[in-house]
Structure formats: structure tokens, C-alpha cells
There are 2 protein chains.
Amino acid sequence: MSQPTQPHLTDLGLPPALADGALRVVALGGLGEIGRNMAVLEHAGRLLVIDCGVLFPEDHQPGVDLILPDFDYIADRLDDIEAIVLTHGHEDHIGAVPYLLRLRRDIPLVGSQLTLAFVEAKLREHRIAPLTLAVKEGQTEQLGPFECEFVAVNHSIPDALAVAVRTGAGTVLHTGDFKMDQLPLDGRITDLRAFARLGEAGVDLFMVDSTNAEVPGFTSHEREIGPVLDAVFAAATRRIVVASFASHVHRVQQVLDAAAAHDRRVALVGRSMVRNMTIAADLGYLTVPDGILVDAKAIGDLPDDQVVLMCTGSQGEPMAALSRIANQDHRISVGPGDTVILASSLIPGNENAVYRVINGLTRLGARVVHGGNAKVHVSGHASAGELLYCYNVLRPRNVMPVHGEVRHLVANAALAVQTGVPAENVVLAEDGVVVDLVDGRARVVGAVPCGYVYVDGSSVGAITDAELKDRRILGEEGFISIFVVVDSTSGKVLAGPHIQARGFAEDDAVFEDILPQITTTLEEAAHGGGADTHQLQQVVRRVVGRWVNTRLRRRPMIMPVVVEA
Amino acid sequence: MSQPTQPHLTDLGLPPALADGALRVVALGGLGEIGRNMAVLEHAGRLLVIDCGVLFPEDHQPGVDLILPDFDYIADRLDDIEAIVLTHGHEDHIGAVPYLLRLRRDIPLVGSQLTLAFVEAKLREHRIAPLTLAVKEGQTEQLGPFECEFVAVNHSIPDALAVAVRTGAGTVLHTGDFKMDQLPLDGRITDLRAFARLGEAGVDLFMVDSTNAEVPGFTSHEREIGPVLDAVFAAATRRIVVASFASHVHRVQQVLDAAAAHDRRVALVGRSMVRNMTIAADLGYLTVPDGILVDAKAIGDLPDDQVVLMCTGSQGEPMAALSRIANQDHRISVGPGDTVILASSLIPGNENAVYRVINGLTRLGARVVHGGNAKVHVSGHASAGELLYCYNVLRPRNVMPVHGEVRHLVANAALAVQTGVPAENVVLAEDGVVVDLVDGRARVVGAVPCGYVYVDGSSVGAITDAELKDRRILGEEGFISIFVVVDSTSGKVLAGPHIQARGFAEDDAVFEDILPQITTTLEEAAHGGGADTHQLQQVVRRVVGRWVNTRLRRRPMIMPVVVEA
């Protein structure tokens, strides 16, 4: 099997100007990672953004709250943006919208009713009232030079859309995130008939979700979870706690239905869970059986065997309800005989946190049901088998796998090639790689700088990778600071050395050894009068660094301050 | 199903004195975690230690190299220790032996030939020459009041042993780590016939590996991997790199055999891989086909399709060969058309690191075969189905699940109860919990303090949990240090404030705002002359802390130093 050749970012220069009548595609996030999805299409001098999401940090990015797509590429072309099309309401597709709208508030947001409701709720927290255009599957809207047709797709949130973008250069079909559940709870399937029609008319570039491309076969039906929940509910004799994602309307629907069937009331726990489910119920995406919801504060009044708590924290997030319940740091308590269900996937990287929660709940006496011991979750993404259907129905001229780490993009590319797409028409790109569609052929023509933009507290983009490296050193080794005042004329030490260490794990007494040596070396260096404070600081750093390294075999950060008085 | 009640450590006081003729069991590690396995048996005033391993840190324990069992409980009874029985040669069973022998060098080590060879190699690095007693399956040794019979068990390292300990108080059977592969590569099965004989004679306490107790069914045969390796080797057209654990002799054997079948030579890469496989080959546990091994430095002389590199780093360890190859930071390079096989489990918590390596290798053009897309690993531990066999053959009077997190111990306890062991005879204990076997009944009688002992560089036990909390704050938020010299009489600021920040991610200019306020507030506080430097430092901390929190919404560590001159 021939494999598409992977472009190497380092080999790519800046792209040439876009040829007249051609279409350019640049992903500013989502290619090489699961998250911060954002694609920019350019045609006839205008831009169309598809999705604008956030990425959650890994443990080598300590203290980072969120990671944004890099807006640099479009920063001086904001006025060229026709609209932001939002395929669905997950954070990795809408989470960065407030940060882009801060740069230009009146960019129209285009999406389905539920998607817009979720993003508007988020924007209210940022005090932004956006321009919006609600669309439905089957609808076509002309957005500048981009004719956008919206297509229903099935995903782990209702009301998700794919978008077909027709331009003078050809037609792009972008799937957003999707799967092909043939028996979805809401009956809204991925519209394969529309895919077939688009394929007949000709799809020039197919941008397709790669998340599950490595997974052989087919993704299970969401409705397979119902009977499992039912069995767990039937066996439960005391409280039931279910944790899932705060946006998973269908999962919550199944929990409400199971609760109704077993004469239990449900309390929603967690701010995002309450907010999203209120929106979903108001808009008719969630059917709430009469009288089933109860305020979380009132559950103490109900017998344990009539209670279900529906909460967040299924990924072990330390501040979410479930972790705090497991740590006995929440007004809701769990004890012997209670049942806890983790009805969500285990996102790679969260294993330790999730198992800590499971162990904590188990220690309290609860029975914990999770993906490791029961089928209480199905994926929201198309597996290899479903992707093959799409390729065969669409027969796209060019393919660009999106939404995935490199391994996912490469696996998806291989599927395209297996169905007969010529390898040279399968574009493997990473963030910032520029792909031009010219004369019906998609080709990598260069790359633009595209970095990670870190959000920490109120700062956006201030944290650099160098700063994160400092944090990793501080976190692993701690630091030693040394403060000395020297006489500017004699070079004599007037005060200090004062040593402070944190995260360094030695008794302060350990430093007694080194104090005289710092003073001696410093006074020797200062004696001639030729050394400035910066040089004296280097002297201190060297003395302390060598001592720590040989004596304790450690490499903490060393921060000398020499002040002349 | 009745579930054994979990003892709560916090509810347990110190244990009473051990009754005459009774047997006491205290685990100092391995109960509530996967690693640092160590059990102490006491009878007739003497102690027997079973295993003495290390635990590897998680990401909430930054900068920690290793975690040891807590030796405090036996620190003043070292002379009472008859021996350390080592069940097999994995780090989580032998890794802490050097630290215990530092406290008393002449404690005899008892174990199989390969186990002792591995521990002796490790002790040489610590410059310790131990007393050893090599034993074989079937052999019985009297170690003080403990009559120890050794029983063959099958595991992911050769020459593993269970140990039956007969005392005046009854017989304990400790499995070590084991599985029940019925067709092992070396023909050495877990000796179920011996288990049956011991069961007939009566096992009073069964201490049994819980690692896979949550996994339903049976663990696959090691030999199922051979055909998969063979198929991957057959399809490979260029270099093959295989990564696995440096102690997995049978896995390496299968790689050597596949290489021989496909006319390839094998280079061992990585210090621990070379050391362990040299030992295993010398002792006859690894059969090396003639002329198949080649020095890693010589592989450049061979055509790519005749090369296999057998290396470490299958867990994404940043300093191991495979990570460095993926980062192009190793003299061995991987490129388009090469095949990389990760022939090992993915230990929970390592997902991000392993996927980073897989993505790096994929980006370089390699085909990566791993547990997610091929059967290139089987577990080394007995699953629920095998554990049921053991319970039914042994019919133990009391059961104490060992080696696992709480969820594993609880699952294993449930299996025991299902086979008919009375729930009140199934002891769920955590580290430090004291279990006494009196009159044939095992009961929790108390607990001794048992903490985590962290190794960092040359320091053992100096790092506390408070220190780790400091590290986490430093790692996530960075720090700001402020140095000021004030006149001891007038309270005027003579030098400073000097502000230094690291991991804090703001331009130094941001501090210009706050400098005057520090000076003013400090001089006001110092003016009366009643404030000492500690109080002045608190003033500085408050001013800077409030400003950082409101202005930047961050909480870095703040380290003020005020010096009077």
C-alpha cells in the first residue's frame, strides 16, 4: 500500500500568493492534536472560518488553563472574515470564539440552534453579544464568495452539522466531528444521502474527522448504553451517581429515562451541567419526564433508593463534583452500597486522575461502574469502517484528514488511499500548513507560523514555551535564591548571604556549609572592583550550583541577587 | 453478593502486642498502589520480609525519582529479620533492596537464580555485596521460625516463585506476581498441583496478586505474540525497532526467534536491556541463535532489511532509547518505511508520553505497531478467571488480596467471596494495616504509620508531601521574589525593591506598577520601628499577592526578603 508522504513543516517556506480563482485552506489548530479545531478557507480575497475551539493542556504544560489556535495568520485580515461556521457545540470547536471575537466583535457566527445557544451562553460570560445566523440541515447560505450548504451529522451532541462550501475553485466538504450511528436516539442520522448527492456533483476536497481512524470496525450505537444503565439501576439499592460530559444531552436523556423507569428523581450537579441541560430542555433537545428533576439541595429529603445525581467530573478533573465527592470535599457524600457510574470515555492522559477518583469512591464503599467493567460509553466519532463508507459514497478528488494527532491523520489518509483516492491527492498537513486547491488538485504550497497560544488566568499568549520549561524545572527541582548585599567600594559582604529554598526538600541547615564559601568567593571577585553585580551574581550561581550538584545530585533553579550598597 | 467491609485506616489505632504463637502480617507497600511491594511476616519474635520493591512516581509527585516502602515499622527491629524472600526480579519487587540493605547489610536475600542475578547486578551499582541463598521450586528452607517452600509460578519474567510459609500459627501462601499461562514459552507453568497439595494440607492465609482481578476471563498466552511478530517482520521492508521492558526475557526471545526466521541481526540498545539480557543468556534463560547479535554501533554496516533494534523506552520514558529516536536525538535514526513495534503494555499514566513517541515516529514516516492496533503484548498477571481456579483449588481459610490499587483489591476480594470464602475471612487492608492470624482467623487489629518515602537525587526521605505541594505550585504558577534593603533605624528603603519572577510569564515591565507601592507600604510599616523583618516581609507579601491576584488573576509563590542594614 502506498502511503502519502508526510510534509515536514521545517522544510516548508512561506506560501506564494494565492492564484486567482484558487481556494486556500489553512488549519490553525486541530491537525496534530485533538482539540483547538479551526480551519480558515480563503477565496476571492475573503476568508471563512470553520470552528474555533480550545485544546486542554497536558501535564508538560503546567498551570496552563487553555490552549487557543494561533490567530496570528489572520490577525491583520480580520475584516476579510465573512463568518465563523460552527459545526457543533463542543468546547474544542467553540471554546476559542470569545478570544477571536475580542479581536473583532461583529464577525457573524453561523451554526445550528443548539450550537449557537451554547456559544451564546459562553459569550455572555465574556460580556459579548454576537451576531448570529441560525441554520438547519438542508439549508444553503451565501457567505460572501462561499456558498455553504449544511448537512446533518450524528455526533455525541445533538444538532451537529457538516458543511459543504462551494466556491469558484471547487467544493469542499468539511465533516466537523461525526459518527454514523444508524439508530440514534433522536433519529437524526448522518445524511449519507446528501453525501451521495454531493459526491455525484463532485467533491474537490474532503476534510474529514480522523479521531477514530485507527479504530477498526464500527462505533457502537448510543442506544446500547440504555439497557446497561437499566441493569445497573435495577441492581442499585441506594444512591446512584452518574458522571458524564456536561454537553452530552443524549447520555443525560438515557439517565433521565432510566431514572423514570426505576422511580428515581434526578438532581443535576455542576454549573455547566445545569446550564447546558437547561438550554437543551428549553430548546426541546432534552425531554424531561414530568417532575423528575429535583434540586440538588433537596436530595437529603429523599430516600437513598429514589435518588440519582447527574454530575460532571468523569475525567477526574480535581475541581469537578465527582473528584470532590471522592475526596469527601463536597456536600454530597457517597458511602457503602451506593453506585457510581462513569458514563464517558477515558480521554488519554486522564487515567491517573480518573483511577484516583475510582479508588477514592471504592474506598468509601461505593460500587463503581466504568468503561473498564461495563459498556457505559460509546465514542462520538466514526471508526475506520464508517470512514470507508464515506470515502466510497463521496469519491472525493482530494482528501485532507483533520481533527487528530499525527497517528490519526496518517491512519485516515491510509483509508482514503485504500478506497482508491490517489496517494498524491491525499494531503497530510499539520497546523499552519498551507494547502491550495488549484485546477482541482490540492497541494501543500508552504506553511505559516502557527504556535501554541496559552491562556493562564487573565493572560493570553504571555506564556511562552521557555516559560513552561522554567515551570517544569521549578516543579521538578524547586529553586534556591541567594540574596547578598556588598559594599560597592570595598566589596565586603554587608548583609547575607540569605538563602531561601522551596520545593527543594532539604533542611535549611544544609546551607550552613556553603554560606562561608559564597562570602569568600564573592569578596574575592568583588575585591578588585572590576566586577559588576551581574558578574557577581554569576559567581554566586556557579558556587551554589556546583555545590548542589555534587553534594546533593540535584539541579534546582538558582536565583542569585547581589545588591551593591 | 456480600462484600467484605473495607477497613478505614483513619479508624485504626496502633495494634496490640502480638499474641503468643500468632502470626502478624504488615504490608509496607503494594496495597493501594501498583508497586513498592513489601510484606513483613512476624512470628515468634522474628521477621520475614517478602519482596522489597519501588514504586514509580505519578505526575502529582514531580521530580521524584522513586518511591520506597516505609521502613519505619522495622527500623528498630532490623536484627530480627531472618531474610528477604524475593519472588522475582522486577523493579517493583527488588528495587528497594539496596535501600534496606543500607540499613543492615547482612540480611540474607533468598530467591531464584535469575532473581538473585538481577538484584546482585543492581546492588553492585550501590557497592553492596549481599549474602544470598539461591532456591528452586520444590525446595524448602527453614528460615528461623519460618519454613518456606518455594513454588514455581509463571509471570512476565522467568524463574518467578510463590512462597508457602509454614509457622506455628498456620500456613501462608504468597503468590508474588503470577499468571497461569498453560502453554508458556519455557514450559514452566504455575504449579497448580503444588497449590492443590498445599490446599489439601490447609492454607490459613492466601496472599494473592490482585493486578488483573478486574479483568474478566483469562490472560492470553505469551506465544500468541510470536505469529503477530512474524507477520510484522514478514511485511517489513526496512529497519525494525522493537521496544519492550528490559526484563522481559521471553518477549526478547520471541524477537530473536522472529529475527532469525527473517534473516535479520539484532542489536540490543539501552544499558538495562544489554545488562539483563547478558545475565539471562549467561544463565541459560535466553537462547541466542548463533551469530544473531550484533553491536548497536555496527548496524550502519548492515542493509536496513537485515536489522532489528531491540530497545527500551516502551513507556515513553524521555531518556530511554525510543523517545530519543522519536525526537531525532539518538545516533540511531528511523525514517520512512521503517517499522517500530511497541511490544509492551501501556501502563496507565504513561499514555501522553507514549502517544507523543508514536506521533513522533509516525511523523518521521515509520509504521508504528502497538497494543492499540495489533496483539503485540499480553499481560503478566492472572485475570479473574485464573484467580477463580486458584481459590477453588486452594480453598484457603483466609484471603488477603495484595498488589493493587483499592479497586483491584476490592475486585479480588469479591472473587474470593464468590468461590465461597466467608466475607469476614477476606481481609481488605492497605499499607500499614496490621493483620493477625490467631487461631486460624485473620483479622485487622490496627495500623502502623506507613508513608511514602521519596527518593530524589541522593536524598532519601527528605522530600515531604508539603514539599511536593510547593513544587506543584511552583510548577503551575511560578514564583515572584522581592528583595528590599531597609535602613534599620529610619525604615527608609536603601536598595530595591528588586523583583525577580520565573515561570510567571509576564514581562518584567509589569512590575513597574507595583514597585512604588511596595516601597511606600514598607516604609510606612517600618517607620515606627516596631516591625521586625519577618513582619515587613509579610507586608511585602500581602501587597504583591493582592496585586497579582486582582490584576492578573494568578497565584504564584511569593517570596519576600527584607534585610535591615
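The values are calculated or read from the model by the stated rules, or taken from the named source; none is laboratory data. These numbers come from a predicted model, not from an experiment. Ideal geometry is used to build each Cβ from the backbone, glycine not excepted, and the neighbour counts take in all protein chains shown. What goes into the accessible areas is simple: the full protein's heavy atoms, side chains included, and nothing from ligands, DNA or RNA. Shrake-Rupley method; radii C 1.70, N 1.55, O 1.52, S 1.80 Å.
Which of the residues in segment A:522-565 show a loss of at least 30 Å² in accessible area from their chain by itself to the complete set of protein chains, at a probe of 1.4 Å?
Going by heavy-atom accessible area, the residues of segment A:522-565 that drop by at least 30 Å² are A:ARG553, A:ARG554, A:MET559, A:VAL561, A:VAL563.
Taking the Cβ-Cβ separation of A:ASP282 and A:GLN142 as r and a Förster radius of 45 Å, what is the calculated FRET efficiency to the nearest 0.05?
0.90
With respect to the symmetry axis carrying chain A onto chain B, which residue of chain A exhibits the smallest Cβ distance to that axis, and what is the value in whole Å?
A:GLY475, 1
For segment B:512-553, what is Rg from Cα atoms divided by 2.2 N^0.38 Å, rounded to two decimals? Mind dumping the intermediate values first?
Values: Rg = 10.8 Å, N = 42, 2.2 N^0.38 = 9.1 Å.
Relative to the rule-of-thumb radius for its length, segment B:512-553 sits at 1.19.
Quick check on packing: order B:404-412, B:436-444, A:126-134 by the mean number of other C-beta atoms within 10 Å, highest mean leading.
Sorting B:404-412, B:436-444, A:126-134 by mean packing, highest first, produces B:404-412, B:436-444, A:126-134.
Counting partner chain Cβ atoms within 10 Å of every residue's Cβ in A:458-469, what's the average?
What the average comes to for A:458-469 is 3.
Using only the Cα atoms of chain A, what do you get for the radius of gyration and for Dmax, in Å?
Every Cα atom of chain A included, Rg and Dmax give 28.3, 88 Å.
Treating the beta-carbon of each Lys and Arg as +1 and of each Asp and Glu as -1, no other charges, what is the dipole magnitude of chain B about its Cα centre, to the nearest 20 debye?
In total the dipole reaches around 820 debye.
Could you tell me how many cubic angstrom of Cα convex hull volume the protein assembly as shown has per residue?
Roughly 196 Å³ of hull volume per residue.
Measuring from a point 7 Å out along Cα→Cβ, what nm distances, shortest first, does B:GLU224 have to its partners in the other copies?
1.9
For Cα pairs less than 8 Å apart in space and 6+ apart in sequence, what is the mean separation divided by the residue count of chain B, i.e. the relative contact order in percent?
Reported as a whole number, the value is 17 percent.
Pick out, from A:GLN328, A:VAL255, A:ILE240, the residue whose Cα sits farthest towards the positive end of the charge dipole of segment A:222-369, with +1 on the Cβ of Lys and Arg and -1 on the Cβ of Asp and Glu.
The Cα lying farthest towards the positive end belongs to A:GLN328.
Over segment B:222-369, average the accessible area per residue using a 1.4 Å probe and give it in Å², no decimals.
So segment B:222-369 comes to 39 Å² accessible per residue, rounded to a whole number.
Kindly list the residues of segment A:38-55 that lie in the label zone of A:ASP20, defined by a backbone N under 14 Å from the point 7 Å along the Cα-to-C-beta vector.
Counting only backbone N, you get A:44-45.
May I ask you to compute the full-extension gain from B:THR464 to B:ASP290, defined as 0.36 nm times their residue separation minus their alpha-carbon distance, rounded to one decimal in nm? Show your work: numbers first, answer last.
Numbers: separation 174, 0.36 × 174 = 62.64 nm, distance 5.17 nm.
That works out to 57.5 nm of additional length.
Counting only protein heavy atoms, what percent of the accessible surface of the protein assembly as shown is carbon or sulfur at a 1.4 Å probe?
On the way: 21010 of 43030 Å².
The value for the protein assembly as shown is 49 percent carbon and sulfur by accessible area.
Using the charge dipole of chain A (Lys, Arg: +1 at Cβ; Asp, Glu: -1 at Cβ; taken about the Cα centre), state which of A:LEU552, A:VAL427, A:ILE299 has its Cα farthest towards the positive end.
A:ILE299
Note down the nm distance, to one decimal, between modelled labels 7 Å out along Cα→Cβ at B:ARG275 and at B:HIS60.
Once both label points are built, they end up 3.2 nm from each other.
How large is the charge dipole for segment B:209-358, taken about the Cα centre, if only the Cβ atoms of Lys, Arg (+1) and Asp, Glu (-1) carry charge, to the nearest 20 debye?
400 debye
Relative contact order for segment A:149-302: what percent, with Cα pairs under 8 Å and sequence separation of 6 or more?
18 percent
Note down the magnitude of the dipole of the protein assembly as shown about its Cα centre, charges +1 on Lys and Arg C-beta and -1 on Asp and Glu C-beta and zero elsewhere, to the nearest 20 debye.
Taking the Cα centre of the protein assembly as shown as origin, the dipole is about 600 debye.
Show me the ranking of peptides B:413-426, A:19-32 by mean Cβ neighbours inside 10 Å, starting with the highest.
Listed from highest to lowest mean packing, they are A:19-32, B:413-426.
Which whole-number value in Å² is the accessible area per residue of segment B:414-565, probe 1.4 Å?
With the other protein chains kept in place, segment B:414-565 gives 42 Å² per residue.
Going 7 Å from Cα along the Cα-Cβ axis for the label, what nanometre distances separate B:ARG271 from the same residue across the other copies?
Copy-to-copy label distances for B:ARG271: 4.9 nm.
Calculate, in nm to one decimal, what A:ALA261 and A:LEU78 gain on full extension: separation in residues at 0.36 nm each, minus their alpha carbon distance.
Between A:ALA261 and A:LEU78, full extension yields 60.6 nm more.
State, to one decimal in nm², a quarter of the convex hull surface area for the C-alpha atoms of segment B:1-137, i.e. the direction-averaged projected area.
Over every viewing direction, the Cα hull of segment B:1-137 projects on average to 11.3 nm².
Quick check: from the Cα gyration tensor, does segment B:395-522 come out rounded (a/c under 1.5), prolate or oblate?
Verdict is prolate for segment B:395-522.
In Å², nearest 100, what accessible area do chains B and A bury in total when the solvent probe is 1.4 Å?
By this definition, chains B and A bury close to 5500 Å².
What list of whole percents do you get for P(r) of segment B:222-369, with Cα-Cα distances grouped in 10 Å bins up to the one holding the largest distance?
Calculated over all Cα pairs of segment B:222-369, the distribution is 12, 46, 37, 5, 0 percent.
Using a simple spin-label model with points 7 Å from Cα along the Cα→Cβ vector, what separation in nm is obtained for B:TYR389 and A:LEU133?
6.7 nm
Determine the shielding of peptide B:409-417 by partner chains: average, over its residues, the number of Cβ atoms on other chains within 10 angstrom of each Cβ.
That average works out to 1.
List the lysines whose alpha-carbon lies under 29 Å from that of B:LYS179, not counting same-chain residues fewer than 8 positions away?
A:LYS375, B:LYS122, B:LYS136, B:LYS375
Do you know the relative contact order of segment B:131-222, to the nearest whole percent, from alpha carbon pairs under 8 angstrom that are 6+ apart?
Reported as a whole number, the value is 23 percent.
Tell me the mean residue ellipticity at 222 nm calculated for chain A from its helices only (DSSP H runs of n ≥ 4, each -39500 (n - 2.57), averaged over every residue, nearest 500). Kindly include the intermediate steps, with their values, before the conclusion.
Numbers: 15 runs with 161 residues, N = 565.
Calculated from helices alone, the mean residue ellipticity at 222 nm is -8500 deg cm²/dmol.
If Rh is defined by the Kirkwood formula over all Cα pairs and Rg also comes from Cα, what ratio Rg/Rh do you get for segment A:436-484? Provide the component values of the computation, followed by the final result.
On the way: Rg = 20.1 Å, Rh = 15.0 Å.
With Rg and the Kirkwood Rh in hand, the quotient comes to 1.35.
Quick one: if you stick a label point 7 Å off each Cα along the C-beta vector at A:ASN373 and A:THR237, how many nm between them?
1.6 nm
Among A:PRO516, B:ALA565, B:SER481, which residue has its Cα furthest toward the positive end of the charge dipole of the protein assembly as shown, with +1 on Lys/Arg Cβ and -1 on Asp/Glu Cβ?
It is B:SER481.
Can you list the copy-to-copy distances for B:GLN306, using a point 7 angstrom from Cα toward Cβ, in nanometres, shortest first?
Sorted ascending, the copy-to-copy spacings read 8.1 nm.
Provide the net charge surrounding A:HIS377, with neighbours chosen by a C-beta distance below 15 Å and charges set as Lys +1, Arg +1, Asp -1, Glu -1.
With Lys, Arg at +1 and Asp, Glu at -1, the net is 0.
Send over the semi-axes of segment B:466-564's equivalent ellipsoid, whole angstrom and largest first, taken as the square roots of 5 times the C-alpha gyration tensor eigenvalues.
25, 15, 11
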